[in-house]
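See structure below.
Nothing in this text is a laboratory measurement; each read-out follows from the coordinates by a stated rule. Everything quoted here is computed from the prediction, not taken from an experiment. Because the Cβ atoms are built from the backbone with ideal geometry, glycine has one as well, and the counts that use them run over all protein chains shown.
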Amino acid sequence: MGVPLLDLKAHHEPLHKEIMAVLEQTFRSQAFILGPEVAKLEERVAAYSQTRYGIGVSSGTDALLLALMAIGVSPGDEVITTPYSFFATAGAVARLGAKPVLVDIVPRTYNIDPSKIAKAITARTKAIIPVHLYGQCADMGPILDLAQRHNLKVIEDAAQAIGAEYRDGRRAGSMGTVGCLSFFPSKNLGCLGDGGMVVTSDADLAERMKVMRVHGGKPKYYHKMIGGNFRLDTIQAAVLNVKLNYLDDWTQRRQENARRYETLFQQSGLVRKGNVRLPDPVYRDSGAKHYHIYNQFVLRVERRDELMAYLKQKGIGTEIYYPVPFHLQECFRYLGYKEGDFPESEGAAKDTVAIPIYPELTAAQQTEVVEAVTSFYA
Ligand SMILES: *Cc1c(COP(=O)(O)O)cnc(C)c1O
């Protein structure tokens, strides 16, 4: 039969009428820039993320860029982050002339290892960007302690983690100085194109980001700051205001799918034999409801590339997030890192693979995926 990695058709079909109605409404209004739909979404997503302010922006990438600009990251500054994330995390830092300083991950969660951050802090360090990879929060307790001790800002890259909760129930984006969200279609809350948001409870920072979103002009045409065009489209906000009503339901279904995979993979014997290692939801027993929101369900497997080719031939979608850690990217050669510098990230890049986990995935499809993986190792 085959199972795609993501099925947007199945995801959007039940919402077809509702979404078409707001598209029609927006088109009739002929008001396409900011306005009440964006303001409403900002209020709702800020509240959802347990923060006071939300500023809708053009993408998750621009959310990172705007946040870094607003905290004043400039050429010569250093920003500590993980080598193992989507390119934008380090790309945004480098675009401002600042230096991404990398710290390896914890293999259990694929998130930045707090115990290795202190050694990377220098007099030039301005901020830390923990990434809540795959939908599970980084270990924020020790990261926030360090940041406070060294007077550093913390920008949470929560692009894959809207509403994800740390062990104490605090949500992604609410713990640091500012949180960055993405509404790219493959994220848990996706729009019909590109979109994102920054969330914060710092009133001054929120105001600065709001002004910088429109080139830093306030009043219009009078510029005390240099910003950019980082606006979220009205039409995307209107769609997101519909989709946000379903987000908790989708999260629950992703969590149920994860549980089902766990059972199926345990029963298959692959885990016992060491062919497959399951994701580790480290906050599950803490009582946090959104302990993991499973933007991705990432396995650690033997003979990864052969397995992927085998599954592809059976019509099963997989993906590597991410095949090349930042320190081995050609464009970052100038940073002076070399192979072997971040062994955990390099290891993860070599043997992890994401399998389908989207909310509409059926039990039969999950059985098909697990049976295919089992037959590969048989
Ligand atoms: C998707 C993503 C981004 C960038 O978001 P876009 O909306 O695609 O620009 C940044 N960081 C991480 C970890 C992501 O997954």
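Structure notes:
- Residue within the stretch 188-200 that is away from the ligand (no atom under 16 Å from the Cβ) and within 22 Å of H132 (Cβ to Cβ) present: yes
- Residue check, Y337 in a loop (DSSP other than H, G, I, E, B), surrounded by 16 or more Cβ atoms within 10 Å (Cβ to Cβ) and within 16 Å of the ligand (Cβ to nearest atom): no
- Number of residues in the stretch 278-291 that are of a type outside the set (K, R), part of a loop (DSSP other than H, G, I, E, B) and over 16 Å from P107 (Cα atoms): the value is 4.
- A count restricted to the stretch 51-61 and to residues that are more than 16 Å from R213 (Cβ to Cβ) and either buried (at least 21 other Cβ atoms within 10 Å of the Cβ) or within 20 Å of the chain's Cα centre (by Cα) (or both) stands at 1.
- So K338, is it under 26 Å from T82 (Cβ atoms) and free of Cβ contacts under 8 Å to residues at least 60 places away in the same chain: yes
- Number of residues in the stretch 351-365 that are in a helix (DSSP H, G or I) and either out of contact with any Lys or Arg (no Cβ under 7 Å at 6 or more places or on another chain) or buried (at least 20 other Cβ atoms within 10 Å of the Cβ) (or both) equals 2.
- Condition met for R208 (within 16 Å of the ligand (Cβ to nearest atom) and either of a type in the set (D, E, K, R) or without any contact (Cβ under 8 Å) to a residue 12 or more places away in the chain (or both)): no
To keep it simple, each residue is scored yes or no on (1) in contact (Cβ under 8 Å) with a residue 24 or more places away in the chain; (2) within 15 Å of the ligand (Cβ to nearest atom).
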residue	(1), (2)
A31	yes, no
E37	yes, no
K40	yes, no
A47	no, no
T51	yes, no
V57	yes, yes
G60	yes, yes
L68	yes, yes
G72	yes, no
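- Hey, S182 touching a helix residue (DSSP H, G or I) at 6+ places or on another chain (Cβ under 9 Å), touching a residue at least 60 places away in the same chain (Cβ under 8 Å) and surrounded by fewer than 20 Cβ atoms within 10 Å (Cβ to Cβ) or not: no
- Hits in the stretch 8-39 - residues which are closer than 16 Å to L189 by Cβ and in contact with a Phe, Trp or Tyr (Cβ under 9 Å, 6 or more places away or on another chain): L8, H11, P14, L15
- Output for the stretch 74-99, where each listed residue is within 27 Å of P281 (Cα to Cα) and within 13 Å of the ligand (Cβ to nearest atom): T81, T82, P83, Y84, S85, F86, F87, A88, T89, A90
The rows are residues; the columns are (1) more than 20 Å from S174 (Cβ to Cβ); (2) outside any helix (DSSP H, G or I); (3) not charged (D, E, K, R).
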{"residue": "L5", "(1), (2), (3)": "yes, yes, yes"}
{"residue": "E13", "(1), (2), (3)": "yes, no, no"}
{"residue": "H16", "(1), (2), (3)": "yes, no, yes"}
{"residue": "M20", "(1), (2), (3)": "yes, no, yes"}
{"residue": "L23", "(1), (2), (3)": "yes, no, yes"}
{"residue": "F27", "(1), (2), (3)": "yes, no, yes"}
{"residue": "R44", "(1), (2), (3)": "no, no, no"}
{"residue": "A47", "(1), (2), (3)": "no, no, yes"}
{"residue": "G91", "(1), (2), (3)": "yes, no, yes"}
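- Hits in the stretch 199-221 (condition: under 14 Å from A46 (Cβ atoms), among the aliphatic types (A, V, I, L, M) and out of contact with any Asp or Glu (no Cβ under 9 Å at 6 or more places or on another chain)): A203, L205, A206, M209
- Residue count for the stretch 229-277, restricted to those that are more than 20 Å from the chain's Cα centre (by Cα), outside any helix (DSSP H, G or I) and among the hydrophobic types (A, V, I, L, M, F, W, C): 1.
- The listed residue being more than 13 Å from the ligand (Cβ to nearest atom), within 24 Å of H327 (Cβ to Cβ) and crowded, with 21+ Cβ neighbours inside 10 Å, out of L102, L64: L102
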